[in-house]
Amino acid sequence: MIIGEQKPLQEICDLIESYHGKKILVVGCDSCMTVALAGGKEEVKDMVAELKQHSRSHGNEWRVKGLTLKRQCERKYEETIAKDVANCDVILSLGCSIGAQMMSELYPLSNIVPGINTSNMGAPEKHGVYKE
């Protein structure tokens with residue numbers, strides 16, 4: 001499995017702001033990043049709330065939506081969100097670097113922001129602990 005952790009919130013916000021978009025789509029991964037506690041359903045929900053709060057406090061007027069794919073690294077799952085992608089300005093990928101790259105290849109005209117720092121491959125030993 002691939003291990004990763006979320007980038008700091010300010011770094012993510014800076015990357016999103018660089019595109020000057022208002023409609024933000026947060027896309028998580030229900031596979032490795034869920035197990036790594038970095039980009040699953042709960043983390044997407046938390047990130048949506050944090051981005052909305054950041055937007056309110058900075059006057060960005062962001063409209064933020066979140067969803068989670070079964071596996072962000074597989075084209076057949078990424079294709080299911082084509083309408084969501086078409087209706088956003090910036091996509092924040094909470095998948096590993098492979099998921100963000102696949103999304104960039106499938107949606108080359110979209111602004112993809114990687115929200116995960118992928119660190120290594122490992123096997124889970126217990127909740128939140130991995131052996132490389």
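The values are calculated or read from the model by the stated rules, or taken from the named source; none is laboratory data. Given the structure is predicted, the values throughout are model-derived calculations rather than measurements. Cβ: placed from backbone, ideal geometry, glycine included. Neighbour counts: every protein chain shown. Remember, those area values only see protein heavy atoms, side chains included, never the ligands or the DNA or RNA. Shrake-Rupley method; radii C 1.70, N 1.55, O 1.52, S 1.80 Å.
The Cβ shell under 9 Å around Lys65 holds other residues with a net charge of +1, Lys and Arg each +1, Asp and Glu each -1. Accessible area per residue was computed with a 1.4 Å probe on protein heavy atoms; Met102 scores about 40 Å². Accessible area of Tyr77 (1.4 Å probe, protein heavy atoms only, ligands and nucleic acids ignored): about 50 Å². Centre-to-centre, using Cα atoms only, the stretch 78-123 and the stretch 4-59 are separated by 12 Å.
Helices meeting the span-like rule in the chain (full DSSP H runs, Cα extent of at least 27 Å along the helix axis, mean Kyte-Doolittle score of 0.0 or higher) are absent. Counting only Cβ charges, +1 for Lys and Arg and -1 for Asp and Glu, the dipole size of the stretch 31-75 around its Cα centre is about 220 debye.
Taking Cα centre as origin and charging only the Cβ of basic (Lys, Arg, +1) and acidic (Asp, Glu, -1) residues, the dipole magnitude of the chain rounds to 360 debye.
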